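Everything below concerns the one structure shown next.
The values are calculated or read from the model by the stated rules, or taken from the named source; none is laboratory data. Source: prediction; values computed, not measured. Cβ placement follows ideal geometry from the backbone for every residue including glycine, while neighbour counts extend to all protein chains displayed.
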Amino acid sequence: MRRALPLLLATMLTGCAGSGASGSASPNGSGGIDIALPDLQGAMVTPTALADDDVFVLAFWATWCQPCQQELTKMNKMYPGMKGRGLEIYAIAIDGPDTAAQIGPWVEREGYAFPILLDRETQVLTRFNPRGDIPYYVVLDATGKVLKEHQGYMTGDTEDLAAFLETVLRPGG
């Protein structure tokens, strides 16, 4: 246990290893976000900008990743105050077959206000983050251009995200 503690602390502070997905494809960067993933009910969802100044956060996570859970909890608290200013958050679960059944109950218990999408094959995660490690988020504009990306989670990261979003979202009213 003593030798495992530093590894546990490092994982909690920096992130969880992903599913081992690899690849080098990168986001399109123009013409929209160009992803379609199923939600918890199986309906295909394609994030679509309703205005030219909409901003998207794609937050990749898994039920077994404690730093992911902490990050989503913080994002859930900031989301209602920014949603009316053009922010859309999509929490994209990468759980595999062994933990996928836990996603729905977890989301219900946590009460996330944003859509939950499923990236079972980690194709979308790999497109934005070839390393496949989580937590990972990417901020995109309405055309799909990457504005910011972040790997891992430490206390203060979500506050940094909120400060960045303040610079790119429509002014509050």
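Any idea which of (1) over 12 Å from the mean Cα position of the chain (by Cα); (2) free of Cβ contacts under 8 Å to residues at least 60 places away in the same chain; (3) within 24 Å of residue 48 (Cα to Cα) is the one residue 108 doesn't satisfy?
Only one criterion in (1) over 12 Å from the mean Cα position of the chain (by Cα); (2) free of Cβ contacts under 8 Å to residues at least 60 places away in the same chain; (3) within 24 Å of residue 48 (Cα to Cα) is unmet by residue 108, namely (3).
Scanning for something surrounded by 20 or more Cβ atoms within 10 Å (Cβ to Cβ), in contact with a strand residue (DSSP E or B) (Cβ under 7 Å, 6 or more places away or on another chain) and charged (D, E, K, R), does the stretch 91-104 turn up at least one residue?
Within the stretch 91-104, not a single residue is surrounded by 20 or more Cβ atoms within 10 Å (Cβ to Cβ), in contact with a strand residue (DSSP E or B) (Cβ under 7 Å, 6 or more places away or on another chain) and charged (D, E, K, R).
Please specify each residue of the stretch 133-161 satisfying the condition of being farther than 18 Å from residue 69 by Cβ and not in a strand (DSSP E or B).
Scanning the stretch 133-161 gives 142, 143, 144, 145, 160.
Per-residue answers, yes or no, for (1) part of a loop (DSSP other than H, G, I, E, B); (2) within 18 Å of residue 90 (Cα to Cα); (3) modelled with pLDDT under 70:
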residue	(1), (2), (3)
13	no, no, yes
31	yes, no, yes
41	yes, yes, no
73	no, yes, no
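Find all pairs meeting these conditions: Cβ atoms under 6 angstrom apart; at least six residues apart or on different chains; first residue within the stretch 150-170 and under 16 Å from residue 79 (Cα atoms); second residue assigned to a loop (DSSP other than H, G, I, E, B).
Listed by first residue and then by second, the contacts come to 169/85; 169/86; 170/53; 170/85; 170/86.
Take residue 63 and decide whether it is under 24 Å from residue 162 (Cα atoms), touching a Ser or Thr at 6+ places or on another chain (Cβ under 6 Å) and either hydroxyl-bearing (Ser, Thr, Tyr) or part of a strand (DSSP E or B) (or both).
yes
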